[in-house]
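**Student:** This structure is in structure tokens; I'll ask about it shortly.
Just so it is clear, none of the values below were taken in a lab; they were calculated from the coordinates. Computed from a predicted model, the values in this text were never measured in an experiment. Positions of Cβ are backbone-derived with ideal geometry, glycine not excepted, and every protein chain shown enters the neighbour counts.
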Amino acid sequence: MKLRSQAFMLTVLAWLLGGCAGSMQAGGPMAMAKLEPTRGNTTAGTVMFHQMGDATMMHVRVEGLKPGGEHGFHVHEKGDCSSGDGMSTGGHFNPKGKPHGRHDDAERHVGDLPSLKADASGRVDLKVTLSGLAIGSGDTDIVGRGLIVHAMPDDFKTQPTGNSGARIACAVIQRHSP
């Protein structure tokens, strides 16, 4: 686990030192999702994705979460937030038929993302490098898929959902041009 954390921190550091803002303007395709609260909730925010070779950079800014809380976060099969409770997005996006797991496990859903850990104000500002998903082409393309923030932490064990509870924010991932 320590090695995984060190590798993650080195990746984030390299991204930040390399000029995150500049890299988001050049290179591969980009996508964006505007998270809106589901019925009875207040969670909202924006998520940017930028594909850079085999990796995808993700920047999450969310507010209205439980202060200090942890929340499951996943790409879902369908880009449909019309149900009001987020259930119209279907299950986790899993085109490879893998078991549910952590975003950095070799065996996991394409839609398994890092949990969102809110600060004392109920906000998250997370930048992370992801592997295994694509923007705009291929069977792991996330464009047109749903994006869900859940009410509870992901246990990374319960199949196929992670037992993350209700869907408190929903978005459709759309191709983005700067």
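**Student:** Stretched out fully, how many nm does the piece from Lys117 to Glu36 gain, at 0.36 nm a residue minus the Cα gap?
**Tutor:** 27.4 nm is the gain from fully extending Lys117 to Glu36.
**Student:** Suppose every Lys and Arg Cβ carries +1 and every Asp and Glu Cβ carries -1, with no other charges. What dipole size does segment 2-176 come out with about its Cα centre, to the nearest 20 debye?
**Tutor:** Dipole of segment 2-176, to the nearest 20 debye: 160 debye.
**Student:** Suppose the chain between Asp125 and Lys66 were pulled fully straight at 0.36 nm per residue; how much longer would it get relative to their current alpha carbon spacing?
**Tutor:** 19.8 nm
**Student:** List the GluC sites (Glu not before Pro) in segment 68-175 that DSSP assigns to loop (not H, G, I, E or B) and whose Cβ has at most 12 other Cβ atoms within 10 Å. Which are they?
**Tutor:** Counting only loop positions with at most 12 other Cβ atoms within 10 Å, the GluC sites (Glu not before Pro) in segment 68-175 are Glu107.
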